[in-house]
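**Q** Dropping a structure here in C-alpha cells format, bear with me for questions.
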Amino acid sequence: MANINAKTTIESGKAILGIEFGSTRIKAVLIDQDNKPIAQGSHEWENQLVDGLWTYSVEAIWYGLQDCYADLRSNVKKEYDIEIETLAGIGISAMMHGYMAFNDKDEILVPFRTWRNTNTGKAAAELSELFVYNIPLRWSISHLYQCILEDNEHVKDIKFLTTLAGFIHWQITGKKVLGIGDASGMLPIDPETKNYSAEMVDKFNKLIAPKQYDWTLLDILPQVLVAGENAGFLTEEGAKRLDVSGHLKAGAPVCPPEGDAGTGMVATNAVKQRTGNVSAGTSSFSMIVLEKDLSKPYEMIDMVTTPDGSLVAMVHCNNCTSDLNAWVGLFKEYQELLGIPVDMNEVYGKLYNNALNGDTDCGGLISYNYISGEPLTGLSEGRPLFVRSANDKFNLANFIRTHLYASVGVLKLGNDILFNDEKVRVDRITGHGGLFKTKGVGQRILAAAINSPISVMETAGEGGAWGIALLASYLVNNTNKQSLADYLDEVVFAGDAGVEIKPTKEDVAGFNKYIENYKACLAIEEAAVKAKN
C-alpha cells in the first residue's frame with residue numbers, strides 16, 4: 001500500500017525534492033505529503049586542494065548535481081516504474097559559508113573556496129575587532145576581506161557573492177537570495193530586522209572605502225529570506241540543469257536555500273529555543289538555540305540563526321570522524337588479509353561497542369584527529385596524530401575510545417563555555433550524522449563530553465537533504481500558517497523526541513580527565529605541524 005501511495009504522490013506531482021551538497025556526498029530525497037522519504041539518490045565526491053586552497057570545481061558541482069538527480073530518477077523508475085515529471089516543491093542546501101564570487105557576465109572569478117580553508121586569519125581577526133563580534137575564518141565576509149587585504153585583482157569585478165547553496169538556487173530559479181541561516185554565515189544577522197546587521201554593513205563599507213570599488217556590500221550580497229517565504233520557481237533552464245533527461249518540468253516553488261547547519265536543525269526538530277543538535281560526520285558542529293544573546297563574543301562560538309531567524313550559538317569543528325574512519329579502515333584491511341568477508345557495519349559495531357569496555361579516560365591515550373587545520377585550537381593546518389607514553393594503558397578498547405573522544409573533543413571545548421560560563425539552558429539536544437550510526441555508542445560518548453542527555457531519532461539518519469525537503473514542505477503545505485517550530489513539532493515529528501541517553505558520572509569524569517591531557521599536549525600537535533609537511 002505504501003508503494004502505491006508513493007507512486008500516486010510522484011505521478012500526481014505532489015512529491016517534494018530536497019537536495020544537499022555535503023562535504024563527501026550529494027544527496028537527494030523525495031518526500032510525500034506526510035513528509036516521509038519515498039525515494040533517494042546520491043553522488044560521492046571529494047574536495048581538491050588547488051594552489052593551497054580547498055575547492056570543488058564548477059564542473060564537479062554540476063556533474064555531481066546531475067548524477068545525484070539521475071540516481072534518484074533511476075531509483076524511482078526501478079521502485080515505482082514511473083518518471084518524475086512535476087514536483088510540488090524543491091529545496092537546495094549545501095555546506096555553509098565559503099566564497100563564490102561572480103562578475104557581470106555571471107562567470108566565477110576564482111575557484112570556489114570552501115568552509116575548510118583557514119587562510120583568512122588576518123581578515124577574521126580584524127573584522128572581529130571592528131565588529132566587536134566573533135567572525136570565523138570560514139565566513140564569506142572573512143574570505144572577501146582577506147582577498148581585499150591581499151589586493152586580489154578579481155575583487156573590483158565582483159557583482160555577486162554567495163554560498164554554494166545560493167549559487168545552485170540562483171542557477172535553477174534566477175533568484176539571488178539566501179535563507180537567513182546560511183546568510184548568517186556570510187555576515188552577522190540582526191535578529192530584530194532578520195537582515196544583515198546594518199551597523200556592520202556600514203562599518204565594512206567605511207573600512208574598504210579607500211579601495212574605491214564600484215560596489216558596496218549590499219550591492220553584492222544575496223537577499224535574506226526566512227523559512228516559509230517563496231524564493232522563486234524552477235525555471236525551464238533550471239529543470240534542464242537538474243534533469244538532463246528532460247522529463248522534469250519547470251514551475252515548482254523553491255524554498256530559501258539553506259546551509260547544512262540549518263537543515264540539521266530542521267531534521268532533528270531543533271529550531272525552538274532551548275533545543276539543540278549536534279552533527280557529527282566529516283566535520284562536527286553543535287547548534288544551541290538561545291533564549292538571549294551571550295554576555296560577550298567568544299572566539300570559539302559563532303552566532304548564527306535558525307532558518308526562521310532565532311539566535312543560535314554554534315561551535316564548529318573542521319574535523320570529526322575522518323581520522324577515526326581511517327583507523328577503522330586498517331581493521332578492514334586486516335580482516336581481508338585473513339580472508340574473512342567484510343561487513344563494515346559489523347566492523348564499526350564491534351570496535352565501537354568494545355571501546356565502551358575501555359577506561360573512561362582512555363588509559364592516558366590521546367588522539368588528534370586534525371586532517372585539516374582546527375581554528376578552535378589555533379591550528380591553521382592539521383597532522384593526524386596518536387600519542388601515548390610507555391606507562392599508558394595501550395589496548396584495543398582504549399585505542400578506539402580515544403579516537404571516539406577525539407571526534408568530539410574540540411566540540412566539548414566550545415560547549416563548556418556555553419554551559420559552564422554562560423549558564424545556557426537546554427531542554428533537549430539531538431545527535432545526527434555518521435558518528436551515531438552504531439546504536440548508543442556515539443550518543444554515550446557525546447553525552448559524556450558535554451555532560452548533557454543526548455537524543456537520537458530514527459529519522460536523524462535522513463540528514464540535511466530531508467531537512468531542506470521539510471523546509472520546502474513548510475513553504476507549500478503550511479496551510480495553517482504555523483511557526484516553523486510548531487509545524488515541525490505537530491506536523492512532522494508529532495511528539496517523537498527520539499531515544500535519550502544520559503551521561504554517567506564516571507564517563508563525565510573520565511572525559512574531563514582526557515580533555516585536560518588533550519589540552520596539555522596540544523604543543524605536540526603544533527610541533528608536528530611545523531616538523532612534517
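**Q** For the peptides 372-379, 295-302, 384-391, what is the packing order when you average, over each peptide's residues, the other Cβ atoms within 10 Å and list the highest mean first?
**A** Details: 372-379: 19.6, 295-302: 17.1, 384-391: 13.9.
Listed from highest to lowest mean packing, they are 372-379, 295-302, 384-391.
**Q** Shifting gears a bit: Using the Cα centre of the chain as the reference point, and only Cβ charges (+1 on K/R, -1 on D/E), how large is the resulting charge dipole? Debye, rounded to the nearest 20.
**A** On the way: 48 positive and 67 negative charges, 153 e Å.
Charge dipole of the chain: 740 debye, to the nearest 20.
**Q** Could you give the length gained by full extension between Trp62 and Glu346, i.e. 0.36 nm per residue of separation minus their alpha carbon distance, to one decimal place?
**A** Here the segment from Trp62 to Glu346 would lengthen by 98.7 nm.
**Q** Still on this model: Can you tell me which of 12-22, 278-288, 37-47 comes out highest on packing, and rank the rest after it, using the mean Cβ neighbours within 10 Å? Please list the in-between numbers first.
**A** Numbers: 12-22: 23.6, 278-288: 26.0, 37-47: 18.2.
Those peptides, ordered most packed to least, come out 278-288, 12-22, 37-47.
**Q** Under the rule a/c < 1.5 gives rounded, and otherwise a/b versus b/c splits prolate from oblate, where does the range 397-465 land using the Cα gyration tensor? If you can, show how the numbers build up before the last one.
**A** On the way: a/c = 2.03, a/b = 1.15, b/c = 1.76.
Note, shape of the range 397-465 comes out oblate.
**Q** Okay, next question. When the Cα centres of the range 117-180 and the range 330-382 are compared, how far apart do they sit, in Å?
**A** So the two Cα centres are separated by 35 Å.
**Q** Might you tell me the accessible area per residue for the chain, computed with a 1.4 Å probe and given in Å²? Walk me through the numbers before you get to the answer.
**A** Details: 21490 Å² over 533 residues.
Averaged over the residues of the chain, the accessible area is 40 Å².
**Q** Please list, in order along the range 288-297, the HN-Hα scalar couplings obtained from phi with the Karplus expression 6.51 cos²θ - 1.76 cosθ + 1.60 (θ = phi - 60°), rounded to whole Hz, x for Gly and Pro.
**A** 10, 7, 8, 7, 8, 5, 6, 5, 6, x
**Q** What order, most packed first, do the peptides 64-76, 434-446 have when packing is the mean number of other Cβ atoms within 10 Å of each residue?
**A** Numbers: 64-76: 19.7, 434-446: 21.2.
Ranked from most to least packed, the peptides come out as 434-446, 64-76.
**Q** Using Cα positions and a limit of under 25 Å, work out the lysines in reach of Lys7, with same-chain residues fewer than 8 apart set aside.
**A** Straight-distance partners of Lys7: Lys27, Lys36, Lys77, Lys78, Lys240, Lys249.
**Q** Follow-up. Assuming 0.36 nm per residue, please report the length gained on full extension of the stretch Lys439 to Lys513 beyond their Cα-Cα distance.
**A** Values: separation 74, 0.36 × 74 = 26.64 nm, distance 2.51 nm.
Answer, rounded to one decimal: 24.1 nm.
**Q** Give the percent of DSSP beta bridges with both residues in the chain that are antiparallel, rounded to the nearest 5. All intermediate terms of the calculation are to be shown ahead of the outcome.
**A** Values: 46 of 64 bridges.
The antiparallel proportion sits near 70 percent.
**Q** Could I ask something else about it? DSSP loop trypsin sites (Lys or Arg not before Pro) in the range 474-533 with at most 14 other Cβ atoms within 10 Å of their Cβ, which ones?
**A** Working: sites: Lys481, Lys505, Lys513, Lys519, Lys530, Lys532; in loops: Lys481, Lys532.
Those that pass, being in a loop and sparsely packed, are Lys481, Lys532.
**Q** Along the charge dipole of the chain, Cβ charges K/R +1 and D/E -1, which of Tyr370, Ile92, Gln171 sits furthest on the positive end?
**A** Ranked along the dipole, the leading option is Tyr370.
**Q** Hey, what number do you get for the chain at 222 nm if only DSSP H runs of n ≥ 4 count, each worth -39500 (n - 2.57), divided across all residues, to the nearest 500?
**A** On the way: 17 runs with 198 residues, N = 533.
Theoretical 222 nm ellipticity from helices: -11500 deg cm²/dmol.
**Q** Further, regarding this structure: Counting only residues 5 or more places away or on other chains, whose amide H sits under 5 Å from the amide H of Leu234 once H atoms are built in the peptide plane?
**A** Under 5 Å from the amide H of Leu234 lie the amide H atoms of Gly251, Ala252, Val254, each far enough along the sequence or on another chain.
**Q** Applying the Karplus parametrisation 6.51 cos²θ - 1.76 cosθ + 1.60 with θ = phi - 60° to the phi angles of the range 50-64, what ³J(HN,Hα) value in whole Hz is obtained for each residue in order, glycine and proline being reported as x?
**A** 10, 6, x, 10, 6, 8, 10, 6, 4, 4, 5, 4, 6, 4, x
**Q** While we're on this one: 5 Å is the cut-off here: which amide hydrogens, built 1.01 Å from N in the peptide plane, fall below it relative to Phe160, excluding neighbours closer than 5 in sequence?
**A** Counting only residues 5 or more places away or on other chains, the set is Phe102.
**Q** Short version: ³J(HN,Hα) in whole Hz for each residue of the range 351-359, in order, from phi by Karplus 6.51 cos²θ - 1.76 cosθ + 1.60 (θ = phi - 60°), x for Gly and Pro, what are they?
**A** 5, 5, 5, 5, 4, 5, 7, x, 5
**Q** Set the Förster radius R0 to 22 Å, insert the Cβ-Cβ distance between Val50 and Asn533 as r into 1/(1 + (r/R0)^6), and round the FRET efficiency to 0.05.
**A** Working: r = 17 Å, r/R0 = 0.79.
Step by step, r from the Cβ atoms, then E = 0.80.
**Q** Per the Kirkwood definition applied to all pairs of different Cα atoms, how many angstroms is the hydrodynamic radius of the range 208-296? Before the final figure, lay out each step's value.
**A** On the way: mean 1/r = 0.0586 Å⁻¹.
Answer for the range 208-296: a Kirkwood hydrodynamic radius of 17.1 Å.
**Q** Reachable aspartates and glutamates from Lys481, Cα under 18 Å, same-chain residues fewer than 8 places away excluded?
**A** Within the straight-line cut-off, Lys481 pairs with Asp34, Glu229, Asp308, Asp489, Glu490.
**Q** Return the FRET efficiency for the residue pair Lys423, Lys77: r is the Cβ-Cβ distance, R0 is 45 Å, and the value is rounded to the nearest 0.05.
**A** For Lys423 and Lys77, the calculated efficiency is 0.25.
**Q** Near Lys211, which lysines are there with a Cα under 25 Å away, not counting those fewer than 8 places off in the same chain?
**A** Of all the lysines, those that pass the test against Lys211 - Cα under 25 Å, at least 8 places apart if same chain - are Lys105, Lys122, Lys156, Lys159, Lys203.
**Q** Now a separate question. Which one, [x] 154; [y] 204; [z] 223, gives volume of the Cα convex hull per residue in Å³ as derived from the coordinates shown?
**A** [x]
**Q** Could you tally the net charge around Ala485, taking each other residue with its Cβ under 9 Å from the Cβ of Ala485, Lys/Arg +1 and Asp/Glu -1? Walk me through the intermediate numbers first.
**A** Working: positive: Lys272; negative: Asp308, Asp486, Asp489.
That sum, taken over residues with Cβ under 9 Å, equals -2.
**Q** For Lys122, put the label point 7 Å out on the Cα→Cβ axis and report which residues of the range 190-210 keep their amide N under 20 Å from it.
**A** Answer for the range 190-210: 204-210.
**Q** Give the shape of the range 333-478 as rounded, prolate or oblate, defined through the alpha-carbon gyration tensor: a ≥ b ≥ c are the square roots of its eigenvalues, a/c under 1.5 means rounded, and otherwise the shape is prolate if a/b is larger than b/c and oblate if not.
**A** Values: a/c = 1.87, a/b = 1.29, b/c = 1.45.
Note, shape of the range 333-478 comes out oblate.
**Q** Report in % the part of the accessible area of the chain that belongs to carbon and sulfur, leaving out ligands and nucleic acids; probe 1.4 Å.
**A** Details: 10550 of 21490 Å².
Looking at the chain in its full context, I get 49 percent from C and S.
**Q** Here's a follow-up. Consider a paramagnetic label point 7 Å from the Cα of Ser389 along Cα→Cβ; state which residues of the range 509-532 have an amide N under 13 Å from it.
**A** The answer is 517-518, 520-521.
The values are calculated or read from the model by the stated rules, or taken from the named source; none is laboratory data. Please read these numbers as outputs of a predicted model, since none were measured by experiment. Note that we place each Cβ from the backbone using ideal geometry, even for glycine, and neighbour counts take in every protein chain shown. SASA here: full protein model, heavy atoms, side chains in, ligands and nucleic acids out. Shrake-Rupley method; radii C 1.70, N 1.55, O 1.52, S 1.80 Å.
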